[in-house]
1. Any residue at all in segment 74-86 that's modelled with pLDDT of 95 or more, under 30 Å from THR39 (Cβ atoms) and out of contact with any His (no Cβ under 7 Å at 6 or more places or on another chain)?
2. Would you say LYS126 is surrounded by 12 or more Cβ atoms within 10 Å (Cβ to Cβ) and farther than 15 Å from ASP34 by Cβ?
3. Any chance you could count how many residues in segment 81-106 are assigned to a loop (DSSP other than H, G, I, E, B) and on the phi < 0 side of the Ramachandran plot?
4. Pairs under 9 Å by beta carbon, first residue in a loop (DSSP other than H, G, I, E, B) in segment 114-141, partner at pLDDT 55 or above and open to solvent by 70 Å² or more (accessible area, probe 1.4 Å), six or more apart or different chains?
5. Among the residues of segment 55-107, count how many are under 13 Å from ILE26 (Cα atoms), open to solvent by 50 Å² or more (accessible area, probe 1.4 Å) and not small (Gly, Ala, Ser).
Amino acid sequence: LAFTTATYAQGNITVEHAEPESKAVITVDKEVHDYGTITQGDNGTCVFTITNTGAEPLIISLCKGSCGCTVPVCPQEPIAPGASAEITVKYDTKRVGPINKSVTITSNAGNEPRKVIRIKGNIKAKPTGSAPLNNGGPTNN
């Protein structure tokens, strides 16, 4: 918010006027996506839905993951008032262990110009399989 303050010489009158810098408002369907426990190599894609509940178009200028293993894809076009769009986040599930990553969305939203959403969960190692044994027995031809 931007504030304007005026003080007059004849008295101690202060007038404050609050004005939002932007009338775009970002709302997200969830703050955190929990993968739960998944297996190494599983699909690491999840979707967040953002809605512009403001009166002006919402423009996302930057969408950045906290590391190279977390890759967000954000809408490039302005999101009209009342409209929704998806942010797809892909996590590299080749890594084993806990997931606790974030995506920072930078926009012209008056309520949260830098909105942080998170992903969490745990990746367990893929079971190691073994090839069928050939014990030298007869084969069926």
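The values are calculated or read from the model by the stated rules, or taken from the named source; none is laboratory data. Values in this document were obtained by computation on a predicted structure and should not be read as measured data. Because the Cβ atoms are built from the backbone with ideal geometry, glycine has one as well, and the counts that use them run over all protein chains shown. Keep in mind that these areas ignore ligands, DNA and RNA; they rest on the heavy atoms of the full protein, side chains included. Shrake-Rupley method; radii C 1.70, N 1.55, O 1.52, S 1.80 Å.
1. Yes; the residues of segment 74-86 include at least one that is modelled with pLDDT of 95 or more, under 30 Å from THR39 (Cβ atoms) and out of contact with any His (no Cβ under 7 Å at 6 or more places or on another chain).
2. On the way: surrounded by 12 or more Cβ atoms within 10 Å (Cβ to Cβ): yes; farther than 15 Å from ASP34 by Cβ: yes.
Yes, satisfied.
3. Start the filter on segment 81-106 by keeping residues that are assigned to a loop (DSSP other than H, G, I, E, B), which leaves 81-83, 92-96.
Add one more test, that the residue is on the phi < 0 side of the Ramachandran plot, and what stays is 81, 83, 92-96.
Number of matching residues: 7.
4. Pairs found: ALA125/VAL96; LYS126/VAL96.
5. Going through segment 55-107 one residue at a time, the tally reaches 6.
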